[in-house]
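Visitor: Below is one structure. I have some questions about it.
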Amino acid sequence: MEEDPCPSSVNVCHTREEWSALFKELQNMRSEGMLVDVTLSAEQKEIPCHRLVLAANSEYFKLMFNGSHSESRKDKIEIGGVSAEALQQLVDYAYASKITITTDNVHALFQAADMLQFLGVCDECEDFLEPHINQDTCLGTWALADRVSCTSLAEKAECWALKWFKELCTTEEFLELPYHLLKMYISDERLLAKEEQILEAIMLWARHDLKERKGHLKELLKCVCFSSMDQDYLKNILKEDEVLAGVRGIKQMMKSQSTHTSPRQMLQKDFLVLGGSRLVLCANVRGEVEPRLYMNSSVYTLGLDSQCIDTSALPAPFHDSRGIAACVVDGDVIVTGGHESLTQAWRYRPALKSWTKLASLKKGRFNHRMAVLQGQVYVVGGSRPVNYSRSGEAIERLPDVEVYKEKTNRCKKVAPLKLAVSSFGIATYGGQIYVFGGEPYPYEGNDLMRNETDAVQRYNPAQNNWTCDDDVQLPYPLSCIQACTVDNRIYIVGGQLECVLCFDPEDSYEPFRDMANTLFPWQHCSATVCGEEIYISGGRVHQLVTDGNGILRQVETYALVQCYNVNSDTMVLCKDLPKPLYGHCTVTVAKT
């Protein structure tokens, strides 16, 4: 059938250029005062505009102008609680559909947009603020997010504040915190602060406006665990601080166990940093710049704020040995392998600060991983040096898996991996061991060769077998990664990932999801879990780059510590490691 050359109807749509012209014409009409029917006023600044345009962009103005409010009949409306600049920006946005957000105007703009219900602007302000949260901005952002009821932003800002209490508690932003936020802050079990610091911060906050805040003191002091504080310190502070001594019932509160009945659990943990390497660019005898490898033979004991508490030495066999592995079983740390200590296995007892040699591994290895399943220690995969090739040392990948039996002090071989890998991620879930990615191909000195796999291997101890399901694979090949189990998920970090990768073993439809972005490169990092948080430390950038003079090696090793909170999906920067490191091990232990 031939198409009718004269159809009876046709649909006509505005082009983008026509819509742009329409908005431009509305702005011209406003600037010329044509058909304007209301004037908004804030801080003595008057802004003429059209009711219809405001109502189309804001539920607040839509309800105001619908006839049931007295303002619907007024020619001039005073808008309180917003700055003139923010109001002008929102009116301009209503006409032009664009707005400029800066660090200087975002707070005032967010509050105004929230009050006047410009929801699109609220979303843009939140998106702008989130990547700018850091140690310097977290308290101000937290207070703002609380005022505008932006829960997600508030949680992210709070995560930063909990890590940096010592540095924040004397700032102006802290002193201006409203009572309910301060109480929430100092009550949080995740707060990394000594009780003495919390008490002194409460008093500093109260004195900032003592007349208004004195009535809040008793409730705030109930958040302090006096039972974990030195009694001589408490006696002295009561003598020196008249305001504290004047709080009704303070002496009884200090003696009672009911105020904050147990010490903060987060502060009862430390994490150990064992071994690792760092690459430093140095000039050789010919004056050429090349990377030089420095080994770390120390064990650093760090608080959860990454502050170094103690330093001790690894056993002599692990000195100058890269690629060791570590895990925790029954409160003790087991350390195995390493390039110069291939079959070594030692136990460290943190409470006694003592090392004990264990039975040797059956298969020497480095860049392997360990996992604890049902109280047993599994040593999995890794690499082993073999004959030297023309280009240097050759390395093979191992499928071998062995389990250490504490009762017999012996290692026993179990079923090997389906795919031999090293530098992989390992975690346990549901009574099974999961191995993610890794380097599967032998190494013969070729730094340019890509060497990763997307395989996910799973070990069932009841059947003593490994499976490698083609339906469950990493989204892309990965190596030099870490995997940690928190609650019912496994979180993968490091390598070439740009974000945390969450794996749900129970989700057969979409098992992998992207989470928070990393703050810094983290290839060859280490990771350990404390509660709902994953502490990710160190890492390196190590790649070959080409310039006009040929191929150069670009190297940077990091001392940075990133903390990922799985509940709020927030990545926070903590204090640095004592030294830049990569390829090290970290484990969480009870505070001694």
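All of the numbers you see were taken from the coordinates with simple rules; none came from a lab. All figures in this text were calculated on a predicted structure; none of them were measured in a lab. Here Cβ is always computed from backbone atoms with ideal geometry, including for glycine, and neighbour counts include all displayed protein chains.
Visitor: I need Phe424, Phe520, Phe503, Phe226 ordered by Cβ neighbour count within 10 Å, fewest first.
Guide: Phe520, Phe226, Phe503, Phe424
Visitor: If amide hydrogens are placed 1.01 Å from N in the peptide plane, which non-local residues have theirs closer than 5 Å to the one on Ser298?
Guide: For Ser298, the qualifying residues are Gly275, Leu314.
Visitor: Provide the gained length on full extension for the span Asp104 to Cys468, in nm with one decimal, where the gain is 0.36 nm per separating residue minus the Cα-Cα distance.
Guide: Length gained between Asp104 and Cys468: 125.7 nm.
Visitor: So what are the ³J(HN,Hα) numbers for the stretch 228-244, from phi and the Karplus equation (6.51, -1.76, 1.60; θ = phi - 60°), rounded to whole Hz, Gly and Pro as x?
Guide: Karplus values, whole Hz, x for Gly and Pro: 9, 9, 5, 5, 5, 4, 5, 4, 5, 5, 5, 6, 8, 10, 5, 5, 5.
Visitor: Which shape class, rounded, prolate or oblate, goes with the stretch 460-532 when its Cα gyration tensor gives a ≥ b ≥ c as root eigenvalues, a/c under 1.5 marks rounded, and past that a/b bigger than b/c marks prolate?
Guide: On the way: a/c = 1.62, a/b = 1.50, b/c = 1.08.
It is prolate, given that a/c is not under 1.5 and a/b is the larger ratio.
Visitor: Give the order of Ser526, Ser354, Ser277 when sorted by the count of other beta carbons within 10 angstrom, beginning with the fewest.
Guide: Fewest-to-most ranking of Ser526, Ser354, Ser277: Ser354, Ser277, Ser526.
Visitor: Amide H of Cys327 versus every other amide H placed in the peptide plane: which residues, excluding those fewer than 5 positions away on the same chain, fall under 5 Å?
Guide: For Cys327, the qualifying residues are Ile334.
Visitor: Near the amide H of Ala394, under 5 Å away, which other amide H atoms are found, from residues 5 or more places off or on another chain, if H is placed in the peptide plane?
Guide: Close amide H contacts, sequence-distant or interchain: Val386, Tyr388, Ser389.
Visitor: Once you have the Cα-Cα distance between Phe520 and Leu204, take 0.36 nm times their residue separation minus that, and quote the gain in nm to one decimal.
Guide: Numbers: separation 316, 0.36 × 316 = 113.76 nm, distance 3.51 nm.
110.2 nm is the gain from fully extending Phe520 to Leu204.
Visitor: If you fit an axis through the alpha-carbon atoms of helix 84-96 and take the longest principal axis of the Cα set of the chain, what angle between them do you get, 0 to 90°, nearest 10?
Guide: 90 degrees
Visitor: Let me ask something else. Let's see if you can work this out: charge +1 on each Lys and Arg Cβ, -1 on each Asp and Glu Cβ, no other charges. What is the dipole magnitude of the stretch 130-196 about its Cα centre, in debye to the nearest 20?
Guide: 100 debye
Visitor: Count the net charge of all other residues whose Cβ sits under 9 Å from the Cβ of Gln117, scoring Lys and Arg as +1 and Asp and Glu as -1.
Guide: On the way: positive: Lys62; negative: Glu59, Asp114.
After counting each charged neighbour, the total is -1.
Visitor: What number, rounded to the nearest 500 deg cm²/dmol, is the helix-based mean residue ellipticity at 222 nm of the chain, given -39500 (n - 2.57) per DSSP H run of at least four residues and division by all its residues?
Guide: Result for the chain: -7000 deg cm²/dmol, rounded to the nearest 500.
Visitor: Also: Among Tyr348, Tyr476, which comes first, second and so on when ranked by fewest other beta-carbon atoms within 10 Å?
Guide: Ranked by crowding around the Cβ, least crowded first: Tyr476, Tyr348.
Visitor: What's the extension gain from Val329 to Glu510 if we count 0.36 nm per residue and subtract their Cα-Cα distance?
Guide: Values: separation 181, 0.36 × 181 = 65.16 nm, distance 3.25 nm.
Length gained between Val329 and Glu510: 61.9 nm.
Visitor: Dipole size in debye (nearest 20) for the chain around its Cα centre, Lys and Arg Cβ +1, Asp and Glu Cβ -1?
Guide: 3360 debye
Visitor: From the residues Met253, Leu116, Leu361, which one has its Cα farthest along the dipole of the chain in the positive direction, the dipole being from +1 and -1 charges on Cβ of Lys/Arg and Asp/Glu about the Cα centre?
Guide: Leu361
Visitor: Cut-off 13 Å, label point 7 angstrom out along Cα-to-Cβ of Asp454: give me the residues of the stretch 474-494 whose amide nitrogen falls inside.
Guide: Residues 474-478 fall inside that zone.
Visitor: Obtain the nm distance between the two label points defined at Val541 and Thr171 by a simple spin-label model: each point lies 7 Å from its Cα along the Cα-to-C-beta direction.
Guide: With each label point 7 Å from Cα toward Cβ, the separation is 2.6 nm.
Visitor: Show me, for the stretch 347-356, the HN-Hα J-couplings you get by feeding each phi into the Karplus relation (A = 6.51, B = -1.76, C = 1.60, θ = phi - 60°), rounded to Hz, glycine and proline as x.
Guide: For the stretch 347-356, the Karplus-derived couplings read 10, 10, 9, x, 5, 9, 6, 10, 10, 10 Hz, x marking Gly and Pro.
Visitor: Let me ask something additional. Could you please report the charge total around Phe436, scoring K, R as +1 and D, E as -1 over all other residues with beta-carbon less than 14 angstrom from its beta-carbon?
Guide: Around Phe436, the surrounding residues sum to -1.
Visitor: Turning to a different aspect of this structure: Hey, how many Å between the Cα centroid of the stretch 408-464 and the Cα centroid of the stretch 490-504?
Guide: That distance is 17 Å.
Visitor: Between Glu532 and Tyr476, take the C-beta separation as r, use R0 = 30 Å, and let me know the FRET efficiency to the nearest 0.05.
Guide: With R0 = 30 Å, the Cβ-Cβ based efficiency is 0.65.
Visitor: First measure r as the distance between the Cβ atoms of Asn488 and Leu52, then evaluate 1/(1 + (r/R0)^6) with R0 = 45 Å and state the FRET efficiency to the nearest 0.05.
Guide: That gives a FRET efficiency of 0.30.
Visitor: Using 7 Å Cα-to-Cβ label points, what is the Ser187/Arg292 separation (nm, one decimal)?
Guide: 5.6 nm
Visitor: Related question: Of (i) 30.6, 102; (ii) 26.7, 108; (iii) 28.0, 124, which is the value of Rg and Dmax of the Cα atoms in Å derived from the coordinates here?
Guide: (i)
Visitor: Follow-up. Within the set of other residues whose C-beta is less than 12 Å from the C-beta of Tyr233, count the net charge using Lys and Arg as +1 and Asp and Glu as -1.
Guide: Values: positive: Lys194, Lys235, Lys239; negative: Glu195, Glu196, Glu200, Asp230, Asp232, Glu240, Asp241.
Charge balance in the 12 Å sphere: -4.
Visitor: For the stretch 290-307, take each phi angle, set θ = phi - 60°, evaluate the Karplus expression 6.51 cos²θ - 1.76 cosθ + 1.60, and give the result in whole Hz per residue in order, putting x for glycine and proline.
Guide: Result, ordered by residue: 8, x, 10, 8, 10, 9, 9, 9, 9, 10, 9, 9, 10, x, 6, 8, 6, 6 Hz.
Visitor: Just to verify a number: FRET efficiency for Ser152 and Glu85, C-beta to C-beta distance, R0 = 30 Å, to 0.05?
Guide: Efficiency, from the Cβ-Cβ distance: 0.70.
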